[in-house]
Every structure is written in structure tokens, then in C-alpha cells.
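The values are calculated or read from the model by the stated rules, or taken from the named source; none is laboratory data. Since the structure is predicted, the reported quantities are computational estimates derived from the model, not experimental observations. Positions of Cβ are backbone-derived with ideal geometry, glycine not excepted, and every protein chain shown enters the neighbour counts.
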Amino acid sequence: MDYRVLSYEEAKELVVKGGYRYLVGRSEFEAFTNYYCRQIDNNELECVKTWWNGRIYQGGGAVFRGSPEEVYCWIPWDMKGTIAPQRVRAALRSTFSIEVDREKVNEARRSVLRKVLGV
């Protein structure tokens with residue numbers, strides 16, 4: 001499993017029970033999105049997204065599994081640019097001591113689209 005959509009409750013439960021660490025997030029008015037990750041091995045992360053919109057009382061989540069470069073590409077793409085890639089790169093460095101290999105980013109971007117959109 002590389003990508004799967006979850007309910008808000010499933011995503012929150014996974015974060016609590018799975019040993020995930022907060023990576024980055026965004027909050028605006030009554031809505032928020034947070035990304036939590038755990039390191040599977042040296043070159044793979046599993047990340048959980050949780051989102052909630054208090055104005056419409058709806059939420060959801062997703063789980064994504066990939067390389068650090070894929071996570072670096074996925075989060076800004078998923079957030080429509082409201083979380084900058086630089087923030088993700090800095091968070092990966094400070095949270096997991098992982099450096100993003102810039103030479104792998106273009107292929108990682110294509111891989112993210114294949115995983116999430118199935119193209």
C-alpha cells in the first residue's frame with residue numbers, strides 16, 4: 001500500500017497507535033491539516049495526513065508511503081502549495097535527520113502522481 005484515503009477517525013487512531021511524529025501542518029480559521037510520519041527504514045517513510053474543517057464539521061485523512069523525496073513532493077502538492085517544499089525539507093531534517101536528495105526530486109514527483117492518482 002502506497003496511498004490510501006482514510007476517515008478522520010481512522011487517521012487519528014493510526015497516528016496515536018502507530019508511533020508517528022508530527023512533521024508539518026497548516027491551520028486557518030477553523031480548518032487545519034497536519035502531517036505525521038514515521039521512518040520505516042533508511043529510505044522510506046510512512047506519513048498520515050489528518051484534516052478537519054470546523055465550519056462544515058467534516059474531516060478526513062490519508063496514509064502515504066514513500067521515499068523522503070516523495071514525501072517532500074507529496075505534501076506541497078497535496079496542500080496546493082500552502083505548505084512550501086522548504087518547510088517539508090527542513091522538517092525532515094530536524095525530525096528524522098534526513099536530507100532530501102535534489103537529484104531524485106523530479107522522478108519522485110512523477111512517482112507521487114502515479115501513487116496518488118494512479119496515472
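State which residue is surrounded by the fewest Cβ atoms within 10 Å (Cβ to Cβ) when the search covers only region 59-87 and only residues that are out of contact with any helix residue (DSSP H, G or I) (no Cβ under 6 Å at 6 or more places or on another chain), hydrophobic (A, V, I, L, M, F, W, C) and at pLDDT 95 or above. Residue satisfying both the conditions and the ranking: Ala62. When Val105, Val100, Val63 are checked against the criterion of being more than 22 Å from Ala11 (Cα to Cα), touching a Lys or Arg at 6+ places or on another chain (Cβ under 9 Å) and not basic (Lys, Arg), a single residue qualifies: Val100.
Scanning region 22-51 for residues that are modelled with pLDDT under 95, in contact with a strand residue (DSSP E or B) (Cβ under 7 Å, 6 or more places away or on another chain) and hydrophobic (A, V, I, L, M, F, W, C) yields Ala31, Phe32, Ile40. Applying the condition of being surrounded by 14 or more Cβ atoms within 10 Å (Cβ to Cβ) and under 18 Å from Asp78 (Cα atoms) to region 13-29 and asking which residue is farthest from the chain's Cα centre (by Cα) yields Arg26. So is Asp2 acidic (Asp, Glu), loosely packed, with under 15 Cβ neighbours inside 10 Å and modelled with pLDDT under 95 or not? So Asp2 passes the test. Residue count for region 90-107, restricted to those that are within 14 Å of the chain's Cα centre (by Cα) and buried (at least 20 other Cβ atoms within 10 Å of the Cβ): 2. Inspection of region 1-17 finds a residue satisfying the criterion of being of a type in the set (Asp, Glu) and closer than 22 Å to Asp101 by Cα. When restricted to residues that are surrounded by fewer than 20 Cβ atoms within 10 Å (Cβ to Cβ), in contact (Cβ under 8 Å) with a residue 40 or more places away in the chain and in contact with a Ser or Thr (Cβ under 7 Å, 6 or more places away or on another chain), region 30-58 contains 0.
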